[in-house]
Structures are given as C-alpha cells and as structure tokens.
Amino acid sequence: MRTNPAGGEMADSDLTGDNVSEESGEESSHGSTTDNDELFEPLQPYDAPPLAEIDASANWIDQKVAYGRDLLRERLQDHPPLVSEEEALSLKNESEADNEKIYSVMRQLPESADQVDWEATYVHHFAGEANSLNPLMRSSVVDGELQEMTGLMLIAFDADFTPFAVAWAVESWQTSEDHMMDKFVLRDDLTWSDGKPVTAHDVVFAFKTIMNPRVTIPAIRSSVQHLKWVEAYDDQTIVMFHKKPMASWTENIQFPVIPKHIYEKSVEDDPTMETSKYHLQFLDKPVTCGPYKFVSRERGQETVLERRDEWWQKDGKEIRPRPYFKRIRCRVITDPNTTLLSLKKGDLDTSTITAEQWLTQTSGKDFYDRNTKMRGLEWSVTQVIWNTSRPYFRDKRTRQALALAFDHQEMLETIYYGLTEPGRGTFHPTAWMASKNPTPYERDLDAAEDLLAEAGWGDEDGDGFLDKRVDGRLVPFQFTILCPEPPNAIKICNLLKDNLAQIGIKCDVKVTEWTALQDKSLKHQFDAMLSGWGTGTDPATLDNIFKTGGGRNYGRYSNERVDELFELAQLEFDRDERAGHYAEIHEILWEDQPYMWLYYRPSLYGVNKKIRGFNFSPRDPFGVNPGILGLWMPKD
C-alpha cells in the first residue's frame, strides 16, 4: 500500500493488508477509484520551442541514471553481514541484536552470477486483489508492485528517497538550471512485450491520457497536472515542461508509460480503458515493457509473471541485468491467519505478519524450520478520518474530545502488544520534516466532556446521549465509522465504540469491503473511516490529502494557513527551510485533529530462509527501487 508516482500508500497490513491506496500518487494506502481532485486544471495547448533553442539556454544539469540494484549494492558496502549465514539462519529473533544479525545477512545481494538460481520462482504475497493491471489506473500498493515488475516509469527512488532515472530505459536525464524543464533521452533497444519499440511518443501519449478529463485516473493525475506539457522531439528525446519551479518536481515527472499503439485509437471510445470488447483483451494480460510479463491471472487467487528474455538479452548478449527470478507468483490471501499458515508451509516466500503473530505464533519450530522474521522502520501511520463536513465533526474541539475519549494505551497494549508507537501526527517522528512538539493523546474523559460542552453538545432530550441544535434541528451525536475487514481494524473500531458510549456518543461500526470503502471515501460518503497512510517520497504529496479541495482530502478538511504553507514549501528548495514549513503544517494538523492519529506501525515480515536481498525502507521493503526486483535466491 511500491515506488509510486506521487505519494504513499494507505498502508498497514494489520489494517488493510497490502491492498491499500497511496498517499497521493499510486499507493494507500488497494480498489478502483476516481480522481476527485477539485483542483484539477485541464491541459492547455502549448507550442514547445525547438530543441536547439532549449539546449542553448537551459544550462542543463546532469542527473543520476542508474540501476536500482547497483545503488543497493553500493549501499550494502557499508552494511556487511554481522555474522555468518549459518549463524543468522539459526537464530530466533528475540532481541534487537538478533534482528540486526539476521537482517544483515538476509539483505545482501549476490557477489557473483554463479550464486544465483536463475530458474527459481518467487512467491509473493498480496493481501488483496489488484485494482487494475493498467498502470494509469494504479491506486494501490498491489497495483504499484505489479507496475514495478512489469511497467516503466522514467524516475525511481532509492531508500533515501533520492531520485534517479532507470538505466534500463534511459540514457540520460537533465534538468534545466531554473527547474522549469527536464530532458530525457531514451534507449533505443527497449520493446513492448508484443515486440513494438518503446519510444518517446509513448511517454507523451501517457501524459496526455492522464490529463484527459474523460479518462478516470485514480491517483497519479494530482502530481502530473503540475506539468505544462511533454514534447517528443524524436523517437528517443523528450522534454517535460513544468508550470513553475517546484521543490518536489521529480514527483511530477514520475508517471507510468503505456503503449500508444495499443490505446491511441480506442481510449476516446472507452475512457475507462477497461470495459470495451477491445480493451477487455488487455484487462488480465496487458502489453508491458518491464522486466516481467503477465502470464496468467486468476482474480482473487493468483497472478503469475514471467521474466522477459528479450528485455535483458539480445542476440545472446546481456544488454540489461538479468532479473533474478524466472517466475514470480503473486498469491492473494486476505486473511492474516491463512497468510501465516501459507508462509509456514512454504507456499509463500515473504509476507507481513501482525504484531500478535510476531509475539505468539512465530517462535516455534513450525515457523523457523523454513522461515525467519525481521523488523524494520516504516513511516506508516494509522488513523481515523473525520468527515469535517458532517455536523458532528465540524468543530475542532469535538475532534479533540474524541481523541481524549479514546483509550490509546489499551489499543497499543492489547491489540498491538507494545510493538507500535503512539501516533503523533501525519509525519513519523524520525522524518526530516516532522515537528518534535506533538505529544501523544492520553485518555481523559473529564477533559473530553468539557470540550464537548464547549462545542455545544449536551443532552436536550434527556435520553442519556449527546445532542445539539444545528440549523434549528436537534442532531443526536450518532455516527457510523467505516471499518476495513481485517481483525485488528474491527478491534480498533469496537474499542472506539465502547469508549465513546461512556460519554454519551453512539458510534456504529460498519465493516466494509475495500473497494466499497475506497469508493465511499472518494465520494465523501461517510461519517468516519479507519485508514492508514504510508509515506510518499516527498512531503509535498500530502497537499493532495490536506489541502483544500485535494483529490484525497476525504474528510474535506480546510485550513487557509495549511494551504499557504504547502505552497510556500513547494517553492522552497532549501531543505531546512522546507522542513520548517512542513513542521508547522504538522503542528496545525495536530491541533485541528482532522484525523485521530492512532499509531505508527513498524515493518514486521516473515521471510523464507532461501530468500536474499530483502531490504527495509521507510516505505516498506517494496516501496523503493529495486524493491522486489532486488530479491534473489541462492542456488543451494
């Protein structure tokens, strides 16, 4: 819920599984959605200058072009194994020291090609079905992971969120001195899985399709719309023109590429790109240009990918690094208990595990015979979203009261066994842009009742429950919270229900299937909703969530100062100055409580002992490049 085109994901495996939509780009937080961005500006015609004129005045700055695996290899030079492989795999992960030793071995890349089992199959876990295999429709972690293995975006991010152009598709990447243009020169040896060449015209077509108001784009339009134009000057050369210099400009040029020859004549007749007879043939087996192609898809069960030999070799010579696995099977298992059982049986090679499973179900021989487990830092936060357009949640004092009424400590101890950190707002405390001032809420029913009284809540009709006059009508404080299906989500919502009943508030819990949850969230058809966000590669992506009119501002929150700060931060290229703007946003949001931030969840993973190349990041192990493509299996 994973490099994404412009944001993070709704991401907590205990809460939503991997089927989570992304912060403002691909990931959150997984379900088919519509881009409901009220700030959308339709594409305007633009007469691009001649390339020679641009080159003469741009003062181009060369940017990094690399393979993600090479960058990871460089990083690992400073992180050698702390113990032997034999010792690491014999350990039980019962301490931080154990965790570091195991991780130091499991994260390594092969020293030579002879170590790799090139015929191996990797079995990956999806906690939900993909929303769409069309990369433009990507709105979830599952969608994003499939995109990483099969598709193309010109830009990727490493574990430090440093951008680079992917060397398997790009020869050079340059940015103009004024940050108003980016120029890419593509390689001429990349083809689509149907044999047609990948060209600059495919990139332009993808951009124009994203910006076509008739096409329903779930997530990526919110960042791409900051581009004025994309021009192909020949089959390999592209220039992207920005509307204004932006500190997060790389987010705007990171969008999926689709084959022009497949969709050019059909998209106007079927803007969904998924319902016409012609488009249906690509629904489960789209044409791809990445290292893997789609072999089969059984919805709700499994999607199988296979390495494209023509991608990495030509005439018997290697032209790109060979993908480590011959096949990748992506198994859909929604139930956490079934997931863990599959891991123990060897039917999965990696999966998240819940806090309860970490402590009580992964310490025995049945787990360690095949697997080990690791824990890493992740910038994902779980929260309750209040729909501030509802009369119950318009007043921030009411929202603050609800945070005071909730028993955070009981949640942390009884549901998450002390493995999660209490929420302190939208940014993780270790993030460079986070304010250090917010302190976690603690339960205080007296303070909660005082704030509710200040906000006008009483019991006028004497039924024992709160109510107040709104526009002359007596409104009872009774609302429904939409709850995802995983067990821990239901536990949280039921705890909230019980806590609020003690102060005269009726909270109904409605367990909701993920696709319906996503649909209602984008249409603002809810009172409250439990959700989780992962991190984007840049904090600017949060404007899609908290800026007035933002496409993923599900709770319709609005604050003029927050809007202003997002604009100021986007125009500021000095990181320390930017951090100050985002820290102020952090503090305002904490004061206003449009969300009730509950906890930050670490990455908790079970991994088969035969897997290597497993590396954590603030966006989880598969949220940066090389992600899944960095995993490999030794021959023996």
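Students often get this wrong, so check it: of 208/293; 101/610; 183/208; 228/293, which have C-alpha atoms separated by over 21 Å?
Values: 208/293 25 Å; 101/610 16 Å; 183/208 17 Å; 228/293 32 Å.
Too far apart for the 21 Å limit: 208/293; 228/293.
Within segment 509-533, list the residues whose amide N lies under 14 Å from a label point set 7 Å along Cα→Cβ of residue 490.
509-514
Using a basic spin-label model with each label point 7 Å from the Cα along Cα→Cβ, how many nm lie between residue 53 and residue 576?
Inter-label distance under the simple model: 4.1 nm.
Quickly work out the residue 266-to-residue 501 label distance, labels modelled 7 Å from Cα along the C-beta direction, and quote it in nm with one decimal.
Calculated label separation equals 5.3 nm.
Take residue 306 and residue 511, extend 7 Å from each Cα along the Cα→Cβ direction, and tell me the distance between the two endpoints in nm.
Reported label-point gap for residue 306 and residue 511 is 4.0 nm.
So if we plug the beta-carbon distance of residue 636 and residue 46 into 1/(1 + (r/R0)^6) with R0 = 45 Å, what FRET efficiency do we get, rounded to 0.05?
Details: r = 57 Å, r/R0 = 1.27.
My answer for the efficiency is 0.20.
Quick check: the distance between the Cα centres of segment 340-383 and segment 591-636, to the nearest angstrom?
12
Roughly how many Å² of residue 312 are accessible to a 1.4 Å probe, to the nearest 10?
For residue 312, solvent-accessible area is about 30 Å².
When we measure straight from the Cα of residue 491, which aspartates and glutamates land under 17 angstrom away, once same-chain ones fewer than 8 places off are left out?
Filter leaves 12, 14, 335, 356, 407, 410, 413, 508, 513.
Efficiency by 1/(1 + (r/R0)^6): what FRET value for residue 432 and residue 104, r their Cβ-Cβ distance, R0 = 30 Å, to the nearest 0.05? Don't skip to the answer; put the middle values down first.
On the way: r = 25 Å, r/R0 = 0.84.
That pair, residue 432 with residue 104, gives E of 0.75.
Quick one: which of 497/520; 244/547; 277/523; 244/523 span more than 26 angstrom between C-alpha atoms?
Details: 497/520 21 Å; 244/547 18 Å; 277/523 28 Å; 244/523 30 Å.
Over 26 Å apart, Cα to Cα: 277/523; 244/523.
Residues in segment 150-165 near a label at residue 61, defined as backbone nitrogen under 13 Å from the 7 Å Cα→Cβ point?
Residues 163 fall inside that zone.
Given R₀ = 45 Å, what would the calculated FRET efficiency be for residue 112 paired with residue 337, taking r from the Cβ atoms and rounding to 0.05?
Using R0 = 45 Å, I get an efficiency of 0.65.
Run through segment 273-339 and list the GluC sites (Glu not before Pro) located in a DSSP loop whose Cβ has at most 16 other Cβ atoms within 10 Å. Could the numbers behind the result be given before it?
On the way: sites: 274, 298, 302, 306, 310, 318; in loops: 274.
Of the GluC sites (Glu not before Pro), the ones in loops of segment 273-339 whose Cβ has at most 16 other Cβ atoms within 10 Å are 274.
Rounded to the nearest 20 Debye, what is the dipole magnitude of the chain about its Cα centre when Lys and Arg each give +1 and Asp and Glu each give -1 at the C-beta? Please report the intermediate quantities before stating the final value.
On the way: 70 positive and 107 negative charges, 304 e Å.
It comes to approximately 1460 debye.
Among 597, 333, 213, which residue has its Cα furthest toward the positive end of the charge dipole of the chain, with +1 on Lys/Arg Cβ and -1 on Asp/Glu Cβ?
333
Starting from the Cα-Cα distance between residue 89 and residue 274, subtract it from 0.36 nm times their residue separation and give me the gain in nm to one decimal. Intermediate results must be reported in sequence, preceding the final value.
Numbers: separation 185, 0.36 × 185 = 66.60 nm, distance 4.59 nm.
Extra length available between residue 89 and residue 274 comes to 62.0 nm.
So what is the calculated 222 nm ellipticity per residue for the chain, using -39500 (n - 2.57) for each DSSP H run with n of 4 or more, over all residues, to the nearest 500 deg cm²/dmol? The partial results should precede the final answer.
On the way: 21 runs with 172 residues, N = 636.
The helix contribution divided over the chain gives -7500 deg cm²/dmol.
The values are calculated or read from the model by the stated rules, or taken from the named source; none is laboratory data. Predicted model only: the values in this text are computed from it and were never measured. Note: ideal-geometry Cβ built from the backbone for every residue, glycine included; neighbour counts use all protein chains shown. Heads up: the accessible areas ignore ligands, DNA and RNA and are worked out on the full protein's heavy atoms, side chains in. Shrake-Rupley method; radii C 1.70, N 1.55, O 1.52, S 1.80 Å.
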